[in-house]
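These notes are about the structure you will find just below.
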Amino acid sequence: MKGEPWEQQMVEALGYLQLAAKLNYFWHVQFRRLALNPSQPLRLMSWKSMTEAMAMLFALGRLDEGIYEGYLIHSALNNTFQVQKSYENEHRRVHAFMLRLFAAWRGDVNHAWPPFAFDEPIYEGILARWRDPDPKAIEPWLLAACDRHTHQSKRESEKVFRDCADFPRTPSEILLVLRLRKMTGLEIPSLDHPLMEPPFDRLPELQQPYIPDTFVQATLRRIREDWPEFDRIVSLEALRAG
């Protein structure tokens, strides 16, 4: 927010988060295999934080990683690996919207969402118009989403949940829409809103791929030594099939 470069540092941070998500997914798969019909199944994956990571990966132009994260989240949801309270009680509508947008863009992945995912008219309007060739058709809906973001940015409590409390100044859902429009060859609308001030007055430049540091490389070597099936279980092909 101070005009200093931040994009590549964010790519590196997201690389750590994606490794953590892969490990978490792997352990959930292993637990289900070893503990058949457990009375308390393992449900510890934060679909909320993973969705935020997915949106930022797309915003930064790390498309392969963003696509992978989208399929990982859908597989986690469809296998009920997600944290139960976060999914069933907190009703994170902006996160459901971002995943529904990803699914609409890909066309080969879906999730049986509960009713809360469909009850925000702003997001339904964007989903109906995000492919419209005329940027003016979606502009008022995106501005309304910006307003909703600012209203959902206050601090949370144990009883009051707000979609954007963890990323109050980062319009992740708006940047995701803009990136997918750009990737589809559509014009990006101009949004005059305080949320879209620098550095988010434009889409970030496409960033270089994430390069694992020595710590991550060593961690992956040990994982593959101990669990040779790791790469197969967390592969994109397995996620899409599962």
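The values are calculated or read from the model by the stated rules, or taken from the named source; none is laboratory data. Values in this document were obtained by computation on a predicted structure and should not be read as measured data. Quick reminder, even Gly has a Cβ in these numbers, built from the backbone with ideal geometry, and neighbours come from all protein chains shown. Keep in mind that these areas ignore ligands, DNA and RNA; they rest on the heavy atoms of the full protein, side chains included. Shrake-Rupley method; radii C 1.70, N 1.55, O 1.52, S 1.80 Å.
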Can you name the residue in segment 94-109 that is within 16 Å of Ser75 (Cβ to Cβ) and part of a loop (DSSP other than H, G, I, E, B) and, of all such residues, is most open to solvent (accessible area, probe 1.4 Å)? Asp108
Among Glu69, Glu90, the single one that is closer than 22 Å to Tyr123 by Cβ, among the charged types (D, E, K, R), in contact with a Phe, Trp or Tyr (Cβ under 8 Å, 6 or more places away or on another chain) and open to solvent by less than 60 Å² (accessible area, probe 1.4 Å) is Glu90
Residues (crowded, with 20+ Cβ neighbours inside 10 Å and at pLDDT below 95) located in segment 72-87: Tyr87
Hey, can you tell me all the residues within segment 118-130 that are in a helix (DSSP H, G or I) and open to solvent by less than 10 Å² (accessible area, probe 1.4 Å)? Tyr123, Gly125, Ile126
Inside segment 162-191, the number of residues satisfying the requirement of being among the acidic types (Asp, Glu) and either free of Cβ contacts under 8 Å to residues at least 12 places away in the same chain or in a helix (DSSP H, G or I) (or both) is 1
Can you tell me which residue is nearest to Thr170 (Cα to Cα) among those in segment 127-159 that are polar (S, T, N, Q) and touching a helix residue (DSSP H, G or I) at 6+ places or on another chain (Cβ under 8 Å)? Thr150
For segment 28-60, give me each residue that is open to solvent by 10 Å² or more (accessible area, probe 1.4 Å), part of a loop (DSSP other than H, G, I, E, B) and in contact (Cβ under 8 Å) with a residue 12 or more places away in the chain. Pro41, Leu42, Arg43, Leu44, Ser46
Filtering segment 81-101 for residues that are in contact (Cβ under 8 Å) with a residue 60 or more places away in the chain and either within 22 Å of Gly242 (Cα to Cα) or basic (Lys, Arg) (or both) leaves a count of 6
